[in-house]
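The values are calculated or read from the model by the stated rules, or taken from the named source; none is laboratory data. All values reported here derive from a predicted model rather than from experimental measurement. Don't worry about glycine lacking a Cβ; one is built from the backbone with ideal geometry, like all the others, and counts go over all protein chains shown.
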Amino acid sequence: MDLRLQVWRQSNGATAGRFETYPAQGISPDTSFLEMLDVVNEQLTHHGVEPIAFEHDCREGICGSCGVMINGLAHGPQLGTAACQLHMRTFRDGQTLVVEPWRASGFPIIRDLVVDRSAFDRIIEAGGYVSVSTGSAPEANEIPVPKEAADTAMDAASCIGCGACVAACPNGAAQLFTAAKVAHLNLLPQGQAERWTRVVAMVDEMERYFGSCTNHGECEAACPKGISIDFIAMLNHDYIRAKVKNRRLVGQAG
Ligand code: SF4
Ligand code: FES
């Protein structure tokens, strides 16, 4: 396949960026999108041009580092697929692909297609953990967990923290990510001890960096792991309950 890339180039967050056009020639339809960028980078390096910076690690859809906008869509046009698992056969020979970094104020640009997603780490630090001593691996049935709760927690836990939900949202909101990270702990017995402090701390931290959710639903459509916006409803439910509970506790202390 021969394609034309329009790629966002930006040296760092303090300088202006611009689109540059590069040919991507002789690309096998069976390569992944990132492998196509590898080929283009080899050609750029050969011609003395700085290679395109992009983030990647696992290249199998589990680490969440590879997100880019392709023709205006987070992770490209294939539903439920991270950019590293997107094959070039998804595109037409001769097509022009516009490749950009995530566009969100919560994800400042570091270089080219690489953005700083550490705001997600701050949200996790605020409450995305359990402080109970887990000890060694318990016997499987020692803590009874209803099947439905276990399955739903597992669905939430499949969030890879890629940030596509934020990039796709017109408000740059991080509700889907935060909701998934709250739910996978709040649904399980092990997560109950900190359930009410967790949800408030993580939502408050989220609001320091990201916009507000107005239920556009773009996040769910862009999510490579199919995380449902039902989790946002669960997040809001727990947040309101936590606020009421915490106010009662303050009243009792007074
Ligand atoms: S909710 Fe989906 S889109 Fe958002 S960070 Fe998690 S995996 Fe990525
Ligand atoms: S490189 Fe890990 S999810 Fe794409």
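When Val68 is tested against the conditions (1) more than 27 Å from Ala183 (Cα to Cα); (2) touching an Asp or Glu at 6+ places or on another chain (Cβ under 7 Å), the lone failure is (1).
Step by step: first the residues of segment 167-187, then only those that are under 20 Å from Ser105 (Cβ atoms) and within 7 Å of ligand 1 (Cβ to nearest atom), then the one that is surrounded by the most Cβ atoms within 10 Å (Cβ to Cβ). Which residue is that? Residue satisfying both the conditions and the ranking: Phe177.
Mind checking which residues of segment 1-16 are surrounded by 14 or more Cβ atoms within 10 Å (Cβ to Cβ), under 23 Å from the mean Cα position of the chain (by Cα) and not polar (S, T, N, Q)? Matches in segment 1-16: Val7, Trp8, Arg9. Counting the residues of segment 144-166 that are farther than 26 Å from Pro77 by Cβ and either within 11 Å of ligand 1 (Cβ to nearest atom) or among the hydroxyl-bearing types (Ser, Thr, Tyr) (or both) gives 2. Look at Ala149 and say whether it is within 16 Å of ligand 2 (Cβ to nearest atom) and small (Gly, Ala, Ser). Judged against the criteria, Ala149 is not a match. Scanning segment 137-166 for residues that are of a type in the set (Asp, Glu) and either in contact with a helix residue (DSSP H, G or I) (Cβ under 9 Å, 6 or more places away or on another chain) or crowded, with 19+ Cβ neighbours inside 10 Å (or both) yields a count of 1. Annotation: of all residues in segment 59-84 being surrounded by 14 or more Cβ atoms within 10 Å (Cβ to Cβ), without any contact (Cβ under 8 Å) to a residue 60 or more places away in the chain and not β-branched (Val, Ile, Thr), the one that is farthest from Asp116 (Cα to Cα) is Gln78.
One residue stands out in segment 79-103 among those that are among the small types (Gly, Ala, Ser) and assigned to a loop (DSSP other than H, G, I, E, B): the one that is farthest from ligand 1 (Cβ to nearest atom), namely Gly94.
Restricting Ala156, Ala222, Ala180 to residues that are modelled with pLDDT of 95 or more, within 16 Å of ligand 2 (Cβ to nearest atom) and in contact with a Lys or Arg (Cβ under 9 Å, 6 or more places away or on another chain) narrows the list to Ala180. Being out of contact with any helix residue (DSSP H, G or I) (no Cβ under 7 Å at 6 or more places or on another chain) and farther than 28 Å from Phe177 by Cβ holds for only one residue in Val7, Val39, and it is Val39. Among the conditions (1) part of a loop (DSSP other than H, G, I, E, B); (2) touching a Gly at 6+ places or on another chain (Cβ under 8 Å); (3) of a type outside the set (Lys, Arg); (4) crowded, with 17+ Cβ neighbours inside 10 Å, Ile52 misses just one, which is (2).
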